[in-house]
Amino acid sequence: MKTKRLLLSLLWCLLGYVASAQQYSGMEGLIHVPSADMDSAGVARIGVHYVDKGMIPDGMKLDGEKFNSLTNYLSVTPFRWIEVGYGYTLWKLHKNKVKTAKTGFYAKDRYLSLRLQPLQEGRYWPSVVIGGTDVWGSGDDGASGSNYYRNFYVAMTKHFDLGFGLAGTHLAYRKWKRDYNHKWNGVVGGLTFQPAFYKPLRLIGEWDGTEVNIGADCTIYKYFLLQASLQQCRYFSGGLCFRLSLL
């Protein structure tokens, strides 16, 4: 219960406005699900995230088993309508790929992310974002042929002022390249809630295509964005990033 209380006391409070993040990749969104929210122009993020093995693509394994890992990222929103990011996931392997050697994080899978917002949220319509992760790199016949995180999506977001808080509804259609990630294909989405009595808090519940995840995030001392979540409502993931306006 203490862990759940901690998770529910985290996000939205940077220089007087609310922000959100699909933080394991450093991009805007929920936990494992994209949204159509966008950050303010000129905001940059750099951070690290502990990721439960349930969020790791099935193609990344050690001796046939998935593993918990860390992601690192740098992202920036140069204009209101575009967000770009670079990140990587640490990969646990046998040292020098020798089966009898000790294991450790001796490799990493890198990916570029991109989000474009052709439509901003209005009074009567949602915001719309087109985006993807691992959007550029070698193909199946390239040097690595990995594309473990490659996915593309269209997302919509609409917020509603309920008087006692701000509710957000988020819906997306997502397609992953690799067949072993098919469980995350299709319609995904979630709900967020920012209570009026404590605006720095955002509660998150989402369906990522196969599981229900819950969590929250919060900005600490104006610049440090903290997110914590429970995958399948049981397994912890969370991270911290430094968030700065460059303008």
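A few points about this structure:
- Any hit, region 221-235, residues being in contact with a Leu (Cβ under 9 Å, 6 or more places away or on another chain), open to solvent by 50 Å² or more (accessible area, probe 1.4 Å) and under 25 Å from residue 130 (Cα atoms): no
- The strands (runs of 3 or more DSSP E) located wholly in region 28-146 that include 3 or more residues which are open to solvent by 10 Å² or more (accessible area, probe 1.4 Å) and free of Cβ contacts under 8 Å to residues at least 40 places away in the same chain occupy 69-79, 82-94, 103-119.
- Taken together, the residues in region 155-190 that are surrounded by fewer than 17 Cβ atoms within 10 Å (Cβ to Cβ) and of a type in the set (A, V, I, L, M, F, W, C) amount to 5.
- The one condition in (1) modelled with pLDDT of 95 or more; (2) in a loop (DSSP other than H, G, I, E, B); (3) under 25 Å from residue 48 (Cβ atoms); (4) aromatic (Phe, Trp, Tyr) that residue 153 fails to fulfil: (2)
- Region 92-121: number of residues that are basic (Lys, Arg) and over 22 Å from residue 70 (Cα atoms): 2
- Apart from one condition, residue 168 fits all of (1) in contact with a His (Cβ under 7 Å, 6 or more places away or on another chain); (2) of a type outside the set (A, V, I, L, M); (3) not in a strand (DSSP E or B); the exception is (3).
- Scanning region 191-208 for residues that are free of Cβ contacts under 8 Å to residues at least 60 places away in the same chain, more than 15 Å from residue 28 (Cα to Cα) and open to solvent by 20 Å² or more (accessible area, probe 1.4 Å) gives 193, 196, 197, 198, 205.
- In region 209-220, of all residues being of a type outside the set (A, V, I, L, M) and free of Cβ contacts under 8 Å to residues at least 40 places away in the same chain, the one that is surrounded by the fewest Cβ atoms within 10 Å (Cβ to Cβ) corresponds to 210.
- Considering residues of region 204-247 that are in a strand (DSSP E or B) and polar (S, T, N, Q) only, the residue farthest from residue 23 (Cα to Cα): 245
The values are calculated or read from the model by the stated rules, or taken from the named source; none is laboratory data. Please read these numbers as outputs of a predicted model, since none were measured by experiment. Note that each Cβ is placed from the backbone with ideal geometry, even for glycine, and that neighbours are counted across all protein chains shown. Just so you know, the surface numbers come from the protein's heavy atoms only, side chains and all, with ligands and any DNA or RNA stripped out. Shrake-Rupley method; radii C 1.70, N 1.55, O 1.52, S 1.80 Å.
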